[in-house]
Amino acid sequence: MAQPRLIVVSNRIPTGEAPSGGLVVAVHDALKACGGIWIGSSGKPVDTPDPGLRTISSAPYRRLAFDLSHDEYEGCYLGYSNAVLWPLFHHRADLISVDPDHARTYREVNDRVAGLIASVAEPDDLIWIHDYHFLPLAAALRKRGLSNRIAFFLHIPFPTASDMPALPEQGLMSGWLAAYNLVGLQTNRDVSNCQDFLRGSGKVKPLAGGVMQYKDRHFVLRSFPIGIDVDSLATAAADADTAALRLGEGERLILGVDRLDYSKGLPNRFEAFGTYLSRRAPDDPRATLLEIAPPSRQDVEAYKDIRQELETMAGSVNGEHAELDWTPIRYIRRNMDRSLLAGLYRRAEVMLVTPLADGMNLVAKEFVAAQDGADPGVLILSHFAGAAEQLDAALMVNPYDLIDVAKAIDKALKMPLHERHARYLSLIATIREFDIKWWTDTFLAALQDLAPMPAQDSAAYEQLA
Ligand code: GDG
């Protein structure tokens, strides 16, 4: 069967010549194979936005960007996407900042972007929309009469049915999702949360095999855990030069790598490491926690406090436990070169991945891919990372329980080679089987299997989009 053309929509598109990073490369490969178009925002807001799509490149597929005005960026991106949906979907309804103007701008931007997509889409194109910035996009496309096969993939967790009432627009959510042919989530836990919500909305009836009935039409809800490009990470890790990182004689390396985000549980991690240091036996070797946490979304209010909190916490742990020749926490608040990062994964004996909520967490998978199979390090993983559903051979922890994490650090540092090896073999087999190619292939095959959605009365979509 001929491959239909693919249109991918994501918040950002890579602007450079050579795309890097797992998802970007995977989408790039899929677009190269099917031919098609990648549409995304140009990033920062501009004073006089171009009303149309701007071509960034045309080969081997087209990359088209749309501009956001300052009001659109503030209301849609900072306001609704990152100060309402992101906290709510990460179970932090206490951090949401509700503003009806932001919700309206979010819907208006989605409607405008739908118009831009409709101007380039052809009837047989597969349309693949990424993430929470674009929940109403399919409804806005259907409103314009598009019957294409349209899929949505949510990279972050789906909220629980008890979190959802904090969203003033929750009444629209089932209609937004039902306008897609396929809704992909990271984990089975997300699918079950989404099903609970849809059932509770009274508008959607789950049928067998992930099929959902909404009014007189159907859509499919399934999990597709995202993976990584194992070989490229492993090669980068083996080739990297990390000599600049100097540790004392016998000093052990524990690593953390996260965007600076409250969902990643960084203060808990620093505190748990402090607890480990307090409980450590005097003759245990020294362990240093190297935390790399590049800042993100600094324009959103809730992100301002976390940096302050973390720096205070690092100072307090170091003040209590440092020696003249040892600083237990080294904290780098900067973006690190990808190959150096891969080398650090390989050098670390323990990796701490302790989010309070996370769609998947690619860092956990990258760490395993970077290991030397003959002498692998140990992954400590939060139950609340999506990756926990697949990577149960890691040392699983409750990030809220400081003593649990402290004990896991101690166990990881003392783990004999045969146990490290057995755990590594189980982890790497899963990561290899469900890699990034598996993810794009499986997702697109599932979408291609579905029938286009018959054009409906566009008035039904007017209230949603
Ligand atoms: C969202 C979901 C889901 C980090 N620091 C540096 C750096 N990184 C790279 C890592 C990794 C990526 O950024 C982070 O990915 P995560 O999956 O850990 O987290 P989010 O950014 O929150 O991503 C998440 C993901 O989407 C995919 O679906 O797993 O749950 O929240 O690749 O290596 N890269 C470089 N320098 C750094 O300092 N070069």
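The values are calculated or read from the model by the stated rules, or taken from the named source; none is laboratory data. Small disclaimer: the values here were computed from a predicted structure and weren't measured. Positions of Cβ are backbone-derived with ideal geometry, glycine not excepted, and every protein chain shown enters the neighbour counts. Surface areas here come from the heavy atoms of the whole protein model, side chains and all, with no ligands, DNA or RNA. Shrake-Rupley method; radii C 1.70, N 1.55, O 1.52, S 1.80 Å.
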(message) I'm trying to understand the selection: among the residues of the stretch 281-327, which are over 20 Å from residue 92 (Cβ atoms) and open to solvent by 90 Å² or more (accessible area, probe 1.4 Å)?
(response) 282, 283, 320, 323, 324, 325
(message) For residue 330, only one of the following conditions fails: (1) touching a residue at least 60 places away in the same chain (Cβ under 8 Å); (2) assigned to a strand (DSSP E or B). What is its number?
(response) (1)
(request) Would you be able to say whether some residue in the stretch 250-272 is away from the ligand (no atom under 16 Å from the Cβ) and among the hydroxyl-bearing types (Ser, Thr, Tyr)? (result) no
(message) Against the condition more than 22 Å from the chain's Cα centre (by Cα), at pLDDT 95 or above, under 17 Å from residue 405 (Cβ atoms) and open to solvent by 30 Å² or more (accessible area, probe 1.4 Å), how does residue 330 come out, does it pass?
(response) no
(request) Determine whether the stretch 397-413 contains at least one residue that is in contact (Cβ under 8 Å) with a residue 40 or more places away in the chain, assigned by TED's automatic domain parsing to the domain that holds residue 255 and within 16 Å of the ligand (Cβ to nearest atom). (result) yes
(request) Could you tell me which numbered condition residue 342 fails, if it satisfies all but one of (1) touching a residue at least 40 places away in the same chain (Cβ under 8 Å); (2) within 13 Å of the ligand (Cβ to nearest atom); (3) closer than 30 Å to residue 98 by Cβ; (4) small (Gly, Ala, Ser)? (result) (3)
(request) Just give me the residues in the stretch 393-435 being outside any helix (DSSP H, G or I), of a type in the set (A, V, I, L, M) and open to solvent by 30 Å² or more (accessible area, probe 1.4 Å), in sequence order. (result) 396
